[in-house]
1. Go through region 693-715 and give me each residue that's touching a strand residue (DSSP E or B) at 6+ places or on another chain (Cβ under 8 Å), aliphatic (A, V, I, L, M) and either surrounded by 22 or more Cβ atoms within 10 Å (Cβ to Cβ) or without any contact (Cβ under 8 Å) to a residue 60 or more places away in the chain (or both).
2. For region 71-83, indicate whether the set of residues that are more than 30 Å from residue 318 (Cα to Cα), touching a helix residue (DSSP H, G or I) at 6+ places or on another chain (Cβ under 8 Å) and surrounded by 13 or more Cβ atoms within 10 Å (Cβ to Cβ) is non-empty.
3. Scan 627, 604, 639 and give me the residue that is assigned to a loop (DSSP other than H, G, I, E, B), in the same structural domain as residue 675 (by TED's automatic domain parsing) and within 22 Å of residue 451 (Cα to Cα).
4. Applying the selection to region 427-437, what residues are under 18 Å from residue 469 (Cβ atoms) and either surrounded by fewer than 17 Cβ atoms within 10 Å (Cβ to Cβ) or hydrophobic (A, V, I, L, M, F, W, C) (or both)?
5. Going through 557, 527 one at a time, which residue ends up being touching a helix residue (DSSP H, G or I) at 6+ places or on another chain (Cβ under 9 Å) and within 28 Å of residue 755 (Cα to Cα)?
6. Between a first residue in region 635-650 that is under 21 Å from residue 710 (Cα atoms) and a second residue that is of a type in the set (Ser, Thr, Tyr) and not in a loop (DSSP other than H, G, I, E, B), which pairs have beta carbons less than 8 Å apart while being 6 or more apart in sequence or on different chains?
7. Could you run through region 513-566 and say how many residues are surrounded by fewer than 24 Cβ atoms within 10 Å (Cβ to Cβ), part of a loop (DSSP other than H, G, I, E, B) and in contact (Cβ under 8 Å) with a residue 40 or more places away in the chain?
8. Being within 30 Å of residue 429 (Cα to Cα) and more than 28 Å from the chain's Cα centre (by Cα) is the requirement here; does residue 584 meet it?
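The values are calculated or read from the model by the stated rules, or taken from the named source; none is laboratory data. As the structure is a computational prediction, the values presented were derived from the model and not from experiment. All Cβ positions, glycine included, derive from the backbone under ideal geometry; neighbour counts span all protein chains shown.
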Amino acid sequence: MATPSNSERMGLDDDAREYHRSDPPGKIEISTTKPTNTQRDLSLAYSPGVAAPCRDIDADEERAYEYTAKGNMVGVVSNGTAVLGLGDIGAQASKPVMEGKGVLFKRFADIDVFDIELDETDVDAFCQSVEAMEPTFGGINLEDIAGPECFEIEQRLRKSMDIPVFHDDQHGTAIISGAGLLNAVDVLDKDISEMEITFSGAGASAIATAKFYVELGADRDNITMCDSSGIITEQRAENGDVNEYKQEFARDLPEGDLADAMDGADMFVGLSVGGIVSPDMVASMAEDPIIFAMANPEPEIGYEEARAARDDTVIMATGRSDYPNQVNNVLGFPFLFRGALDVRATSITENMKMAAAEALAELARKDVPDAVVKAYGDQPLQYGPEYVIPKPVDPRVLFEVAPAVAEAAMEEGVARTEIDTDAYSEKLEARLGKSREMMRVVLNKAKNTDQRIALAEGTDEKMVRAAAQIQEQGIGDPVLLGNSDEIEGIAADLGLDFTPEIVDPRVDDTEAYADRLYELRQRKGVTRSEANELVKRDTNYLGSAMVETGDADALLTGLTHHYPSALRPPLEVIGTADDAEYAAGVYMLTFKNRVVFVADATVNQDPSEAVLEEITKHTAELARRFNVEPRAALLSYSNFGSVENEGTAKPRDAAAALRADLEADFPVDGEMQADTAVVEDILTDTYEFSELDEPANVLVFPNLEAGNIAYKLLQRLGGAEAIGPMLVGMDKPVHVMQRGDEVKDIVNLAGVAAVDAQGE
């Protein structure tokens, strides 16, 4: 295994120093969550208004969760006696680490943190200090406290405090590696209760991990623990050579070293120092061994060395991100606290930790989002020996683990409040971004329908994965179009647990589709034989004909085609709706606190006044499918006639026609500049006569160039998330994706298509 050179190490150190010292120093700040712009705002935030919630809390302390940040606030507390690999560097020097812990809490679970560095090594004084802070926090995360004092501190605080207390150094590694262990024994078909497990290291993390493995089903009598002096034996315990915490795992074995302990073991758990395990020691282990070498930054044995030492299956985990199966505590503590805080738990119990581990294990067995795969250099991430632990950047960890923890807390009776876990999962999903919140509206509408969704490019891996997720989520019934042998092979290779419905034009009867295509296109130069060839050769024509004849309710295509070539078959076969002459491509752009629909971004190059009217009406209809009441603005470079020419007249006249149209039952105005449409002060102060009394959420651009440029600038520079393009104006639901769209994009558009089909 390659280790950083001195120059690389120095470069990283210097970069880290600059990172921390750049203005403002540190990594965190405090920001306000309520308006503070006016005198009234300040009187509500502080005196005299603040007295009202104070009185309410005085009458009922539980209302602190209602009126203050307590319910989303964790104290990260340390005395700096055991900081990372630096040892006892003291409270002050530990502060960058504790700030970093706060960053992880916020980044992964949206939990606010105050880092508390106590210059105190006395256990009694330390506990008293933490206990005195209970009114401030919803939970306490103990960090980087030396053993054995850390055991006593946690035990005392858990008993004395009525909020969750969690020592991550003890339990974090236990939970994450425990999840990996559950999957490792599943992959290898081993019985955890019969496994011989050897530990290297007997500190806080090792002891907590060993205890947790027992909770998972391991036999305590099969766990051999080694410290720097060798195997912890009953004889050493009787001689007083080990502390009371190590004694719990003393075994009736002869004296020996780590090599002796590893001989014949099914699993090695390293929580000690790097480089102490040799290939020969790995070779001495039982068949198909599990090796969790978690010392950082250098594991007890490198990934390549461990794998090379054996000819059988080795499941290897380390603490490093550059090897498979990283045991990273960030997979645990943010989500454990998220679930505990949201039910106002009084403690974090073993069952809650177990629920977290089981949820993580289950997540690793699911298909991995494309964004996660890309984050790790496009390396394959599929359940098996090299993927038994989810990746830290996987956004699904939040809404898989936190609900499991919350549910365990409620079942065990340590929750102060009850929540609906299904609704809670959706709330958590919304924390990851406005786009997820908006898509959840549509996906919920789409669930449990029998809408058949044809996926034209059925032999593409992304389409197969999307079909599995569509089916799993109950969005509709996916139908993959293409070579059945290829599709089934892809599903098998991916380990997808579903049997897709396939229409294979090579072997299935497509005569009816060819007949219909010929009927529609015979006066457009298409012969009967050409129609038959088209449905056999081009799944875009096949899928379009299936939708047009009613054998499918919606069509998705475009993943491997240029947009115009993918759009042409649906336009020729399905066509536009009775009330539409034109189709248009719409993007939904989501910002932190705002959603806008942008049209047309993909289809009409130079729309006329009539086309602009159509686009606006159909985009407004689309907005309502997302439970957004439309307010439409037709955009230009002028405001309400400030510039007179043919270009500005089109959106102005289209807006006037829409205001006169009784079917256009939504506020609409134009022409107007983009900032007029979206900035309330400009809209309501300067142009108080406007039909819009709030900023627009449907933005209709004067031509394709403007619409496409604008949505991409908003996405890339404005920080918006884009969902689409969603095709409006078609006679039946059709959506043409962009080349290179991810699986989640396909699933999202399938949801939109299913809702479209319901409304027909």
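1. Within region 693-715, 696, 698, 699, 700 meet the criteria.
2. Of region 71-83, the ones more than 30 Å from residue 318 (Cα to Cα) are 71-73.
With the extra rule that they be touching a helix residue (DSSP H, G or I) at 6+ places or on another chain (Cβ under 8 Å), the set shrinks to 71-72.
Next, only the ones that are surrounded by 13 or more Cβ atoms within 10 Å (Cβ to Cβ) stay: 71-72.
Yes, region 71-83 contains at least one residue that is more than 30 Å from residue 318 (Cα to Cα), touching a helix residue (DSSP H, G or I) at 6+ places or on another chain (Cβ under 8 Å) and surrounded by 13 or more Cβ atoms within 10 Å (Cβ to Cβ).
3. Values: 604 fails: within 22 Å of residue 451 (Cα to Cα); 639 fails: within 22 Å of residue 451 (Cα to Cα).
Within the list 627, 604, 639, the selection yields 627.
4. Residues of region 427-437 under 18 Å from residue 469 (Cβ atoms): 429, 432, 435-436.
432 - this is the single residue of region 427-437 that is under 18 Å from residue 469 (Cβ atoms) and either surrounded by fewer than 17 Cβ atoms within 10 Å (Cβ to Cβ) or hydrophobic (A, V, I, L, M, F, W, C) (or both).
5. Details: 527 fails: within 28 Å of residue 755 (Cα to Cα).
Checking each option against the conditions leaves just 557.
6. Within 8 Å, the pairs are 636/648; 637/648; 638/648; 639/676.
7. Selection size over region 513-566: 5.
8. Values: within 30 Å of residue 429 (Cα to Cα): yes; more than 28 Å from the chain's Cα centre (by Cα): yes.
Yes, satisfied.
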